[in-house]
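Engineer: Have a look at this one.
The values are calculated or read from the model by the stated rules, or taken from the named source; none is laboratory data. Keep in mind that what you see is a predicted model, and the values were worked out from it rather than measured. Quick reminder, even Gly has a Cβ in these numbers, built from the backbone with ideal geometry, and neighbours come from all protein chains shown. Protein only, heavy atoms only, side chains kept; ligands, DNA and RNA dropped before computing areas. Shrake-Rupley method; radii C 1.70, N 1.55, O 1.52, S 1.80 Å.
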Amino acid sequence: MPWPTARDHEVFDLIDREVDRQNSGLQLIASENFTSPAVIEATGSVLTNKYSEGYPGKRYYGGNVVVDDIEDIARDRVKALFGAEHANVQPHSGANANMGVYLALLEAGDTVLGLSLDHGGHLTHGSPVNFSGRIYNFVSYGLTGSDQRIDFDQMRDLALEHKPKLIVAGATAYPRIIDPEKVRTIADEAGAMVLFDAAHIAGLIAGGAHPNPVPYSDVVTFTTHKTLRGPRGGCILSTAEHAAAIDKAIFPGLQGGPLEHAIAGKAVAFGEASQPEFRDYAAGIVANAAALAEALAGEGFRLVSGGTDNHLLLVDLRSFDEDLTGKEAQAVLDEAGITLNKNTIPDDPRSPFVTSGVRIGTAGVTTQGMGTEDMATIAGFIARTLRSRTDPAEIAAVKHDVGTLCAKFPVYS
Ligand SMILES: *Cc1c(COP(=O)(O)O)cnc(C)c1O
């Protein structure tokens with residue numbers, strides 16, 4: 001074999017360090033999770049060697065007998081999991097999945113409705129710095145000023161005024177259930193199609209903790225690596241009507257060869273998500289988020305919308321400390337072994353690089369096996385760190401306590 005025999009320490013020592021970092025600190029980034037060893041095994045397999053442009057049974061290269069079966073299993077499992085007529089499991093990411101949908105359903109310049117970025121929408125929902133905002137005419141709806149929920153009255157008014165071809169629902173930083181039936185009703189009134197971007201909540205839907213948008217949407221996209229707990233990647237579900245256009249948009253429209261090792265990982269994850277235990281997992285994520293929200297409120301933090309009914313919370317830091325920014329909170333919590341991200345809150349007076357909030361998710365810690373009582377402990381760690389943020393000894397003490405908690409719930413051996 002022509003392969004080097006010496007281990008590449010430069011890279012693998014760093015991977016070892018990352019395993020240690022994931023094991024020993026609190027991973028609270030709402031878009032992250034821990035994949036199972038089976039998902040990691042499939043993703044790290046020889047399938048990475050194979051070129052398979054096209055779809056099962058219609059490939060451009062030979063040698064795809066095995067890969068065809070794998071991609072078929074992935075498609076069949078995800079269709080069964082969500083009750084969808086069609087699935088495309090090839091998108092390399094959530095952003096690519098959305099790009100594929102736009103390419104399939106829209107022409108350049110078409111009008112689309114999406115949730116504004118500063119109220120929790122995603123870059124691919126029409127941000128001017130993203131291809132979506134540059135190619136299509138996005139009009140943004142937002143949250144109500146009163147209860148900070150999706151403003152469906154505004155969505156309806158804008159839909160009737162602008163007659164969009166497509167309404168995009170879904171969010172990247174929104175702690176509440178988005179009612180897919182309400183979106184459908186408005187879209188029908190305005191003659192629009194519906195894309196429900198379930199990137200964050202796909203696992204909650206699969207586990208029965210959130211309503212399934214598939215019956216109310218023309219297309220549903222999601223990432224496979226957030227609450228669904230699969231490998232990094234994207235997926236598109238659609239009605240049979242849009243199947244051919246979606247497949248053509250992903251390949252040859254915008255991607256080349258699919259990542260069949262990632263597709264095998266997706267197939268394994270879809271299988272895991274269809275087990276009865278995954279329902280307990282999804283319910284556990286939501287229960288943990290609620291417990292964490294309550295405990296943080298008890299420490300003096302205001303929560304956007306007053307709480308959560310999914311896997312994430314958006315914390316407005318100003319009620320805790322007027323001078324504390326999201327940027328500073330993220331940095332000091334990192335020092336204490338608590339990983340989360342700064343995030344703008346609705347109508348944030350600070351810039352997206354500074355922010356007045358942080359976003360916290362419970363998908364990872366729930367995978368680890370932590371429960372509601374551990375969420376109270378975590379809220380205490382967060383409050384202690386932020387209160388003592390100029391005191392290195394106290395930050396070190398929290399880091400030690402974080403390590404003790406995480407040692408009780410090891411992720412990877
Ligand atoms: C995360 C996310 C995406 C993009 O997923 P990537 O895999 O990072 O490209 C798209 N839409 C929403 C709502 C998201 O939260």
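Engineer: Give the residue list of GluC sites (Glu not before Pro) in the stretch 39-91 that are DSSP loop and have at most 16 other beta-carbon atoms within 10 angstrom.
Structural biologist: Here the sparse-neighbourhood loop sites are GLU53, GLU85.
Engineer: Calculate the length of the line joining the C-alpha centroid of the stretch 193-245 to that of the stretch 356-397, in whole Å.
Structural biologist: Between the Cα centres of the stretch 193-245 and the stretch 356-397 lies a distance of 30 Å.
Engineer: Related question: Suppose every Lys and Arg Cβ carries +1 and every Asp and Glu Cβ carries -1, with no other charges. What dipole size does the stretch 244-333 come out with about its Cα centre, to the nearest 20 debye?
Structural biologist: 380 debye
Engineer: Still on this structure, please answer the following. Suppose every K and R has +1 on its Cβ and every D and E has -1 on its Cβ; what is the size of the dipole of the stretch 44-273 about the Cα centre, in Debye to the nearest 20?
Structural biologist: The calculation lands at about 520 debye.
Engineer: Putting +1 on Lys and Arg Cβ atoms and -1 on Asp and Glu Cβ atoms, find which of PRO164, GLY142, ALA264 reaches farthest to the positive end of the dipole of the stretch 44-273.
Structural biologist: ALA264
Engineer: Also: In square angstrom, what is the accessible area per residue of the chain with a 1.4 angstrom probe?
Structural biologist: Per residue, the chain has an accessible area of 42 Å².
Engineer: If you don't mind, there's one more thing I want to ask. Report relative contact order for the stretch 44-273 in percent, whole number only (criteria: Cα-Cα under 8 Å, sequence separation at least 6).
Structural biologist: Relative contact order here is 28 percent.
Engineer: Still on this structure: How do the peptides 381-387, 99-105 rank, highest first, by the average count of neighbouring beta carbon atoms within 10 Å per residue?
Structural biologist: Most protected by this proxy first, the peptides run 99-105, 381-387.
Engineer: Shifting gears a bit: Using DSSP to call loops (not H, G, I, E or B), can you name the GluC sites (Glu not before Pro) in the stretch 275-342 whose Cβ has at most 12 other Cβ atoms within 10 angstrom?
Structural biologist: Answer in residue order: GLU322.
Engineer: Going toward the positive end of the dipole of the stretch 1-118, with +1 on Lys and Arg Cβ and -1 on Asp and Glu Cβ, which of VAL19, TYR60, VAL112 do you reach last?
Structural biologist: Farthest towards the positive pole: TYR60.
Engineer: How big is the dipole moment of the chain about its Cα centre under a simple scheme where the beta carbon of each Lys and Arg is +1, that of each Asp and Glu is -1, and everything else is neutral? Debye, nearest 20, please.
Structural biologist: Using only the charged Cβ atoms, the result is roughly 400 debye.
Engineer: Of all accessible surface on the chain at a 1.4 Å probe, what whole percent is carbon and sulfur?
Structural biologist: Solvent-exposed carbon and sulfur of the chain make up 53 percent of the total.
Engineer: Calculate the length of the line joining the C-alpha centroid of the stretch 111-172 to that of the stretch 1-51, in whole Å.
Structural biologist: The distance from the Cα centre of the stretch 111-172 to that of the stretch 1-51 comes to 37 Å.
Engineer: Now for a different question. If packing is taken as the average number of other Cβ atoms within 10 Å across a peptide's residues, how do 303-313, 403-413, 341-351 rank, most packed first?
Structural biologist: Packing proxy ranking, top to bottom: 303-313, 341-351, 403-413.
Engineer: May I pose another question? Return the ratio Rg/(2.2 N^0.38 Å) for the stretch 49-100, where Rg is computed over Cα atoms only.
Structural biologist: Expressed relative to 2.2 N^0.38 Å, the Cα Rg reads 1.20.
Engineer: Sticking with this one: Looking at the chain, what % of its DSSP beta bridges pair antiparallel, to the nearest 5?
Structural biologist: 55 percent
Engineer: Which whole-number percentage describes the relative contact order of the chain, with Cα contacts under 8 Å and a sequence gap of 6 or more?
Structural biologist: The value is 22 percent.
Engineer: Taking only complete DSSP H runs, can you tell me which helices of the chain stretch 30 Å or more along their own long axis by Cα positions and average at least 0.0 on the Kyte-Doolittle scale?
Structural biologist: Helices meeting the criterion: 276-298.
Engineer: Can you give the Rg and Dmax of the stretch 35-137 based on its C-alpha atoms, in angstrom?
Structural biologist: 17.1, 48
Engineer: What Kirkwood radius, in Å to one decimal, follows from the Cα pairs of the stretch 44-273?
Structural biologist: Result for the stretch 44-273, one decimal place: 17.7 Å.
Engineer: Rounded to two decimals, what ratio of Rg to Rh does the chain give with C-alpha atoms and a Kirkwood Rh?
Structural biologist: Taking Rh as the inverse mean 1/r over Cα pairs, Rg/Rh reads 0.98.
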